[in-house]
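Peer 1: Dumping the structure here so I can ask a few things about it.
The values are calculated or read from the model by the stated rules, or taken from the named source; none is laboratory data. Here the structure is a predicted model, which means the values were calculated and not measured. Ideal geometry is used to build each Cβ from the backbone, glycine not excepted, and the neighbour counts take in all protein chains shown. Each accessible area value is taken on the protein alone, full model and side chains, heavy atoms only, with ligands, DNA and RNA left out. Shrake-Rupley method; radii C 1.70, N 1.55, O 1.52, S 1.80 Å.
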Amino acid sequence: MEKVEPKRRRRSQRDYPLAFKLSVVEQVEKGEMTYKQAQKRYGIQGRSTVLVWLRKHGR
């Protein structure tokens, strides 16, 4: 009998275009959504990714 292992989803690191980052930062800064809502809406995996963008590209 063959042993079948469950398929695991590989986590992948994604590079986002600068225009996309700036757009997300702008929406969060305007109060249109929180950084957590932005993560969920756009499928951003990293917990602190949007926060890093805010520090780097925000006002």
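Peer 1: Give the residues of segment 7-20 that are under 11 Å from the mean Cα position of the chain (by Cα) and open to solvent by 50 Å² or more (accessible area, probe 1.4 Å), sorted by residue number.
Peer 2: Residues satisfying the conditions are Gln13, Arg14, Asp15, Phe20.
Peer 1: Would you point out the residue of segment 25-47, among those that are surrounded by 12 or more Cβ atoms within 10 Å (Cβ to Cβ) and under 14 Å from Arg14 (Cα atoms), that is modelled with the lowest pLDDT?
Peer 2: Top of the filtered list is Gly46.
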